[in-house]
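Report on the following structure.
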Amino acid sequence: MLVTAPFAEFCTLTIDEIYGELPSRIYASLLMRGRSTIQQLAGDTGMNARQLRHGLALLLQHNLLHYHLDAGSPHYFYEANVEHAYNLARTGKILQMVEETHGAAAKDVMQTIILTGLTRVGDLVDAYQNRIDRMNRIKEKLKAEEDPFGNGVESHEVNGEPKPKPTPQSSKSDPLISSIADLNKIIYKLVEAELLIGVHKTSFESPEDLLATIESDIQKTYPGGEVKGNKAKAEYKDKVAEALRKNRSESRSLKRKLEQNGLSAKRRKLFDGAASANGTPDGEMDLGIDPQQVMCINYEKCLVELRNRRLMHYAEEAFGQTTSWVYASLLNLLSKDISRCRDDSITDHYEKDEEKPAPVVVTTSQLLDVLKTSLDLSVGLGQVDADKISVTAAEKIAELPPRKKFFIDVQAEADANASSDDDDEGEDVKPATNGVKGVNGTHVTNGVNGTAKRVDRRTQLRQHLLLLSESTQGFLRHCGAEEWTVDFEPLMAALRQAEIDATIENTVGREGVRLVRMLRAKGKLDEKAIMSVALMRKADMSKKLAEMHKYGFVQTQEVPREAKADVKKSFFLWYFDGTMALERILDVSYKTMIHSLQVLDTLREKDQHVLSLIKRSDVKGQEDDKLRKIHKEKLTQFLKLERMLLGQIQRVDDLVAVLRDY
């Protein structure tokens, strides 16, 4: 995979920040030289065999490398896994998402697997069993101190004086997972949500090597190893896509084993009830998975969940909190059958239209079942007069996703909306069945009789869904009777365009955004045409175009007037290239994150004396009592700057995720 220099440098600095200098030097060499053997890495890095084996083992343990053994070659070739390296910067977001969705105990399990890398099921169970035993010993020791004679009576006197009552242990110190049965349930949930997947023999193959191997195996089935004819080529593409889909499905072996063992969510509830009724200890419930099975974090599914959270925030900005919660619940139902954010051009190749899988849909009844009863659906909805609502337009069903738009022509869309309004005249209308509160919780009255009408919960839910489906962003599509779906590709394209416009506005001002939108709608224009359409003075327009060209937001094309090129006799066309602008913004974003990590490293060197003090065993946890005032002030200032820099990286990553990953 080809990567830019800033992206490669950020991945290297991230590995150095988390795992140290040794693996980061190996990773930097792989990014610079490409796929290499151990002998080539030894020559590039100057490390001995022991250091290289240690660094490669650490990188492989955390799934940061691809390796491949060519036929007839005695040496393995190693290649950097840049996607997983960049995802290390999103560890905090992933853990926060898991905690909000599945609880603090699930976050603890995910954090353990992230820290240890590829983890065997048996090793994970043993680690938590040791932790549980240690906590039980501590509790028994505390209990023995409270009752030293073991007669069930607490001692209230020490040397003839009253003994102070022990302070009860805080809930924060209690273990999140108190038994292996709790661990099993958490693994069930994470595997069913596909946040944890199994590791198989092709997991360490790079996508290019895996594709080459599959193509080679399939070509051998054809006479002479050659694919001839249009029909044979189409069949060949289908076989390659099917083989890639089969390989991808092997990662879900853990989930299939749970389903085969009858340990789905519904059966697990029956299991728990039967165990409690029969007095069976929960710890005897087996996972049903081979203890030697290796698990890892499924970053593709994590990105799907993070995209849902980002879309929820967008909906909240547009419609309010209640509608965004409804949208979040709908996205959670849809994402159960969505494994990754973007389709692969080869894996998701379908030759015939009828072979394409149907879009995932959610019905109103399904959504109503999962919504919390404590959510007041009347909030965020207003009332309007009956003669201002078109039932036909509101209940319009779009069976097909919207066509791809390369630009948004505001005037064209305004004309289309005006024509649709004309077409809707004379259609049947009926009073709106909205809630009794406005967007901000204020009471709204009906224009007919001045009293708010009470409606059922299902109708209120449909009003929120119709509000989302009628949005200009296209958050939702009413695809059938009581059926809803989300067209992620056009939705994310619109949001990417909005993020690009926001970045341009923050960089060059609102005039720059106005010019960019005009060039996006009109195409290539010379300065005279731009001046006439934008209604700007030539001096101001030329200055703004030059500024945007410096930042890479607009491009120019020279058009000679004669066969012999002459700059003085040529005119220049200005245009907006969305792909180049996106790449430019990504490049600047990577450099910003690199700068933040470099500043953080400089601050650590500056305050190395204070940071070394808090690492001492006699100071850790007692900083307020052990450190001097000047050291505490420096430590407080450093921690404040560290939070600011890491927060800056997370905010920039939000932009990168929308532009590149979602």
- Task: Restricting attention to the range 504-537, report how many residues are basic (Lys, Arg) and either within 33 Å of the chain's Cα centre (by Cα) or buried (at least 18 other Cβ atoms within 10 Å of the Cβ) (or both).
- Result: 4
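Quickly run through the range 613-662 and pick out the residues that are of a type in the set (Gly, Ala, Ser) and at pLDDT 85 or above.
GLY647, ALA657
Say whether the condition of being among the polar types (S, T, N, Q), surrounded by fewer than 18 Cβ atoms within 10 Å (Cβ to Cβ) and within 26 Å of HIS200 (Cβ to Cβ) is met by at least one residue in the range 48-56. Give the steps one after another, and end with the answer.
So in the range 48-56, the residues among the polar types (S, T, N, Q) come out as 48, 51.
Add one more test, that the residue is surrounded by fewer than 18 Cβ atoms within 10 Å (Cβ to Cβ), and what stays is 48, 51.
From the residues that got through so far, the ones that are within 26 Å of HIS200 (Cβ to Cβ) too are none.
No - not one qualifying residue is present in the range 48-56.
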- Query: Just wondering, is there one or more residues in the range 14-28 that are touching an Asp or Glu at 6+ places or on another chain (Cβ under 9 Å), touching a residue at least 12 places away in the same chain (Cβ under 8 Å) and among the charged types (D, E, K, R)?
  - Reply: yes
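Do you know which residues across the range 546-559 are touching a helix residue (DSSP H, G or I) at 6+ places or on another chain (Cβ under 7 Å) and not aromatic (Phe, Trp, Tyr)?
As a first pass, look at the range 546-559 and keep what is touching a helix residue (DSSP H, G or I) at 6+ places or on another chain (Cβ under 7 Å): 547-548, 551-556.
Answer for the range 546-559, where residues must be touching a helix residue (DSSP H, G or I) at 6+ places or on another chain (Cβ under 7 Å) and not aromatic (Phe, Trp, Tyr): GLU547, MET548, GLY552, VAL554, GLN555, THR556.
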- Message: Anything in the range 633-649 that is in contact with a helix residue (DSSP H, G or I) (Cβ under 9 Å, 6 or more places away or on another chain) and farther than 20 Å from HIS595 by Cβ? List them, or say none.
- Response: LYS634, LEU635
- What helices (runs of 4 or more DSSP H) lie completely within the range 1-99 and have 3 or more residues being of a type in the set (Phe, Trp, Tyr), within 24 Å of TYR299 (Cβ to Cβ) and out of contact with any His (no Cβ under 7 Å at 6 or more places or on another chain)? 5-19
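For (1) modelled with pLDDT of 90 or more; (2) closer than 30 Å to LEU190 by Cα, each residue gets a yes or a no:
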{"residue": "ALA28", "(1), (2)": "yes, no"}
{"residue": "THR37", "(1), (2)": "no, no"}
{"residue": "HIS54", "(1), (2)": "yes, no"}
{"residue": "LEU69", "(1), (2)": "no, no"}
{"residue": "PRO74", "(1), (2)": "no, no"}
{"residue": "ALA80", "(1), (2)": "yes, yes"}
{"residue": "ARG90", "(1), (2)": "yes, yes"}
{"residue": "ALA105", "(1), (2)": "yes, yes"}
{"residue": "ILE113", "(1), (2)": "yes, yes"}
- Which numbered condition trips up PRO560, out of (1) at pLDDT 85 or above; (2) touching a strand residue (DSSP E or B) at 6+ places or on another chain (Cβ under 8 Å)? (1)
- Item | Lone qualifier among LEU60, LEU30 - being under 16 Å from SER206 (Cβ atoms), surrounded by fewer than 20 Cβ atoms within 10 Å (Cβ to Cβ) and not assigned by TED's automatic domain parsing to the domain that holds LEU211 | LEU60
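Out of LYS550, LYS564, LYS568, which single residue is surrounded by fewer than 10 Cβ atoms within 10 Å (Cβ to Cβ), free of Cβ contacts under 8 Å to residues at least 40 places away in the same chain, among the basic types (Lys, Arg) and not in a loop (DSSP other than H, G, I, E, B)?
Details: LYS550 fails: surrounded by fewer than 10 Cβ atoms within 10 Å (Cβ to Cβ); LYS564 fails: not in a loop (DSSP other than H, G, I, E, B).
Matching residue, one of LYS550, LYS564, LYS568: LYS568.
Just to verify a result, which residue in the range 188-217, among those that are among the acidic types (Asp, Glu) and under 21 Å from the mean Cα position of the chain (by Cα), is farthest from GLY117 (Cα to Cα)?
Going through the range 188-217, the residues among the acidic types (Asp, Glu) turn out to be 192, 194, 205, 208-209, 215, 217.
Going one step further and asking which of them are under 21 Å from the mean Cα position of the chain (by Cα), we end up with 192, 194.
Details: GLU192: 20, GLU194: 17 Å.
Selected residue: GLU192.
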- Message: Of the residues ASP624, ASP618, ASP540, only one is more than 35 Å from the chain's Cα centre (by Cα), loosely packed, with under 12 Cβ neighbours inside 10 Å and not in a loop (DSSP other than H, G, I, E, B); which?
- Response: ASP624
- Qualifying positions in the range 313-325 - within 16 Å of GLY474 (Cβ to Cβ) and either among the β-branched types (Val, Ile, Thr) or crowded, with 21+ Cβ neighbours inside 10 Å (or both): ALA315, THR323, SER324
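Which one of these is modelled with pLDDT of 90 or more, in a helix (DSSP H, G or I) and under 28 Å from SER365 (Cβ atoms): LEU519, LEU491, LEU495, LEU467?
Details: LEU519 fails: under 28 Å from SER365 (Cβ atoms); LEU495 fails: under 28 Å from SER365 (Cβ atoms); LEU467 fails: modelled with pLDDT of 90 or more.
Being modelled with pLDDT of 90 or more, in a helix (DSSP H, G or I) and under 28 Å from SER365 (Cβ atoms) holds for just one of LEU519, LEU491, LEU495, LEU467, which is LEU491.
Modelled with pLDDT of 70 or more and in the same structural domain as ALA243 (by TED's automatic domain parsing): does that describe GLN293? Working first, answer last.
On the way: modelled with pLDDT of 70 or more: yes; in the same structural domain as ALA243 (by TED's automatic domain parsing): yes.
Answer is yes for this residue.
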- Per the list (1) within 27 Å of VAL652 (Cβ to Cβ); (2) surrounded by fewer than 18 Cβ atoms within 10 Å (Cβ to Cβ), residue check on TYR76 breaks on (1)
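The values are calculated or read from the model by the stated rules, or taken from the named source; none is laboratory data. In this text the structure is predicted, and so the values were computed from the model without any measurement. Counting neighbours? That spans all protein chains shown, and the Cβs are built from the backbone with ideal geometry, glycine included.
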